[in-house]
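In what follows, a single structure is set out as C-alpha coordinates and then discussed.
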Amino acid sequence: MSVKLYRPGVAQARELIAKGRSRKDERDDWSEHQPSAARENEFIQRFGWAGFGRWHLGIDDAAAEETKRRYKFPYGDLARVHRCALISAESRAGQYKYLDIEAAAQRLLQMMDRGSDRPMAAPARRTPRTTKTRSR
(Lines give C-alpha, C1' and ligand atoms only; values in the text may rest on other atoms or scores of the structure.)
Protein backbone atom coordinates (compact mmCIF):
# COMPACT_ATOMS: atom_id res chain seq x y z
CA MET A 1 0.00 0.00 0.00
CA SER A 2 1.36 3.39 -1.01
CA VAL A 3 -0.28 5.76 1.45
CA LYS A 4 1.07 9.27 1.67
CA LEU A 5 0.09 12.70 2.95
CA TYR A 6 -2.69 14.29 0.89
CA ARG A 7 -1.81 17.98 0.91
CA PRO A 8 -5.16 19.24 -0.47
CA GLY A 9 -6.87 17.59 2.50
CA VAL A 10 -4.47 19.15 5.00
CA ALA A 11 -4.89 22.57 3.37
CA GLN A 12 -8.68 22.34 3.55
CA ALA A 13 -8.57 21.22 7.20
CA ARG A 14 -6.37 24.21 8.09
CA GLU A 15 -8.73 26.57 6.30
CA LEU A 16 -11.81 25.13 8.00
CA ILE A 17 -10.22 25.33 11.44
CA ALA A 18 -9.13 28.93 10.80
CA LYS A 19 -12.73 29.77 9.86
CA GLY A 20 -14.09 28.12 13.00
CA ARG A 21 -15.72 25.23 11.15
CA SER A 22 -14.59 22.67 13.69
CA ARG A 23 -15.93 20.75 16.63
CA LYS A 24 -13.93 20.16 19.79
CA ASP A 25 -15.59 16.91 20.71
CA GLU A 26 -14.39 14.08 22.91
CA ARG A 27 -11.74 11.53 22.01
CA ASP A 28 -14.07 8.57 21.50
CA ASP A 29 -16.90 10.37 19.66
CA TRP A 30 -15.70 9.61 16.12
CA SER A 31 -17.67 6.36 15.77
CA GLU A 32 -20.86 8.39 16.31
CA HIS A 33 -19.83 11.52 14.39
CA GLN A 34 -18.35 10.04 11.21
CA PRO A 35 -20.56 10.32 8.14
CA SER A 36 -22.56 7.28 7.05
CA ALA A 37 -21.88 5.56 3.73
CA ALA A 38 -25.11 7.08 2.40
CA ARG A 39 -23.98 10.58 3.45
CA GLU A 40 -20.61 10.02 1.77
CA ASN A 41 -22.31 8.87 -1.43
CA GLU A 42 -24.57 11.92 -1.41
CA PHE A 43 -21.53 14.16 -0.89
CA ILE A 44 -19.65 12.52 -3.77
CA GLN A 45 -22.66 12.99 -6.07
CA ARG A 46 -22.78 16.67 -5.17
CA PHE A 47 -19.07 17.59 -4.96
CA GLY A 48 -17.25 14.82 -6.82
CA TRP A 49 -14.31 12.66 -5.86
CA ALA A 50 -11.93 15.60 -5.54
CA GLY A 51 -14.26 17.23 -3.01
CA PHE A 52 -14.58 13.97 -1.08
CA GLY A 53 -10.83 13.44 -1.12
CA ARG A 54 -10.17 16.81 0.49
CA TRP A 55 -11.83 15.48 3.65
CA HIS A 56 -8.90 13.09 4.16
CA LEU A 57 -5.30 13.48 5.31
CA GLY A 58 -3.99 10.52 3.32
CA ILE A 59 -4.21 9.10 -0.19
CA ASP A 60 -3.38 5.60 -1.42
CA ASP A 61 -1.86 5.89 -4.88
CA ALA A 62 -2.12 2.12 -5.34
CA ALA A 63 -5.93 2.16 -4.99
CA ALA A 64 -8.15 2.77 -8.00
CA GLU A 65 -9.17 6.36 -8.65
CA GLU A 66 -12.74 7.34 -7.87
CA THR A 67 -13.08 4.85 -5.02
CA LYS A 68 -13.50 5.48 -1.32
CA ARG A 69 -10.63 3.06 -0.71
CA ARG A 70 -8.24 5.61 -2.26
CA TYR A 71 -8.70 8.12 0.58
CA LYS A 72 -7.44 7.49 4.11
CA PHE A 73 -7.60 9.20 7.48
CA PRO A 74 -10.81 11.26 7.38
CA TYR A 75 -10.82 14.31 9.65
CA GLY A 76 -14.42 15.50 9.59
CA ASP A 77 -18.09 14.85 8.92
CA LEU A 78 -18.04 16.53 5.46
CA ALA A 79 -19.14 19.80 7.04
CA ARG A 80 -16.78 20.42 10.00
CA VAL A 81 -13.42 19.23 11.24
CA HIS A 82 -13.80 17.02 14.30
CA ARG A 83 -11.19 16.84 17.02
CA CYS A 84 -12.07 13.19 17.62
CA ALA A 85 -11.37 12.37 13.94
CA LEU A 86 -7.96 14.06 14.12
CA ILE A 87 -7.13 12.12 17.28
CA SER A 88 -8.14 8.89 15.55
CA ALA A 89 -6.12 9.78 12.43
CA GLU A 90 -3.06 10.66 14.50
CA SER A 91 -3.27 7.38 16.41
CA ARG A 92 -3.79 5.16 13.36
CA ALA A 93 -1.12 6.95 11.32
CA GLY A 94 1.37 6.46 14.13
CA GLN A 95 0.41 2.81 14.48
CA TYR A 96 1.10 2.17 10.77
CA LYS A 97 4.19 4.43 10.69
CA TYR A 98 2.77 7.07 8.34
CA LEU A 99 4.81 9.69 10.12
CA ASP A 100 3.96 12.61 7.82
CA ILE A 101 0.23 12.00 8.28
CA GLU A 102 0.68 11.60 12.04
CA ALA A 103 2.59 14.90 12.18
CA ALA A 104 -0.07 16.69 10.10
CA ALA A 105 -2.81 15.45 12.43
CA GLN A 106 -0.79 16.64 15.44
CA ARG A 107 -0.34 20.11 13.92
CA LEU A 108 -4.06 20.34 13.12
CA LEU A 109 -4.94 19.31 16.67
CA GLN A 110 -2.62 21.98 18.05
CA MET A 111 -4.20 24.51 15.73
CA MET A 112 -7.68 23.53 16.95
CA ASP A 113 -6.64 23.67 20.57
CA ARG A 114 -5.15 27.16 20.08
CA GLY A 115 -8.19 28.26 18.16
CA SER A 116 -6.30 29.82 15.25
CA ASP A 117 -3.88 29.31 12.38
CA ARG A 118 -1.26 31.64 13.85
CA PRO A 119 1.95 30.31 15.36
CA MET A 120 1.87 30.11 19.13
CA ALA A 121 2.95 33.37 20.65
CA ALA A 122 5.31 33.53 23.56
CA PRO A 123 3.46 33.96 26.82
CA ALA A 124 3.01 37.57 27.86
CA ARG A 125 5.31 38.75 30.60
CA ARG A 126 3.51 39.55 33.74
CA THR A 127 4.62 42.58 35.58
CA PRO A 128 4.21 42.52 39.31
CA ARG A 129 1.44 44.65 40.65
CA THR A 130 2.27 47.32 43.08
CA THR A 131 -0.15 47.66 45.88
CA LYS A 132 -1.05 50.97 47.32
CA THR A 133 -1.01 51.24 51.02
CA ARG A 134 -3.42 53.58 52.59
CA SER A 135 -2.11 55.87 55.24
CA ARG A 136 -4.29 56.42 58.18
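Conditions (1) aliphatic (A, V, I, L, M); (2) modelled with pLDDT of 95 or more; (3) surrounded by 20 or more Cβ atoms within 10 Å (Cβ to Cβ), marked per residue:
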residue	(1), (2), (3)
Glu15	no, yes, no
Glu40	no, yes, no
Phe52	no, yes, yes
Tyr71	no, yes, yes
Val81	yes, yes, yes
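Mind listing just one residue for me: the one in region 54-69 that is crowded, with 17+ Cβ neighbours inside 10 Å and hydrophobic (A, V, I, L, M, F, W, C) and, of those, nearest to Gly20 (Cα to Cα)?
Trp55
If you check every pair at least six apart or on different chains, which have Cβ atoms under 7 Å apart with a residue in region 99-115 that is more than 17 Å from Gln12 (Cβ to Cβ) first and a residue that is part of a helix (DSSP H, G or I) second?
Glu102/Glu90; Glu102/Ala93; Glu102/Gly94; Gln106/Glu90
Just the residues that are under 16 Å from the mean Cα position of the chain (by Cα) and either of a type in the set (Asp, Glu) or surrounded by 16 or more Cβ atoms within 10 Å (Cβ to Cβ) (or both), please, taken from region 17-38. Break it down into steps so the answer makes sense when it comes.
Of the residues in region 17-38, the ones under 16 Å from the mean Cα position of the chain (by Cα) are 17-31, 33-35.
Selection gives Ile17, Ser22, Arg23, Asp25, Glu26, Asp28, Asp29, Trp30, His33, Gln34, Pro35.
Could you check region 19-30 and list, in sequence order, the residues that are touching a helix residue (DSSP H, G or I) at 6+ places or on another chain (Cβ under 8 Å) and closer than 14 Å to Arg114 by Cβ?
Matches in region 19-30: Ser22, Lys24.
Give the residue that is modelled with the lowest pLDDT, with candidates limited to residues of region 88-118 that are under 25 Å from Lys4 (Cα atoms) and in a loop (DSSP other than H, G, I, E, B).
Asp117
The values are calculated or read from the model by the stated rules, or taken from the named source; none is laboratory data. All figures in this text were calculated on a predicted structure; none of them were measured in a lab. With ideal geometry, Cβ positions are generated from the backbone for all residues, glycine too; neighbour counts draw on all protein chains shown.
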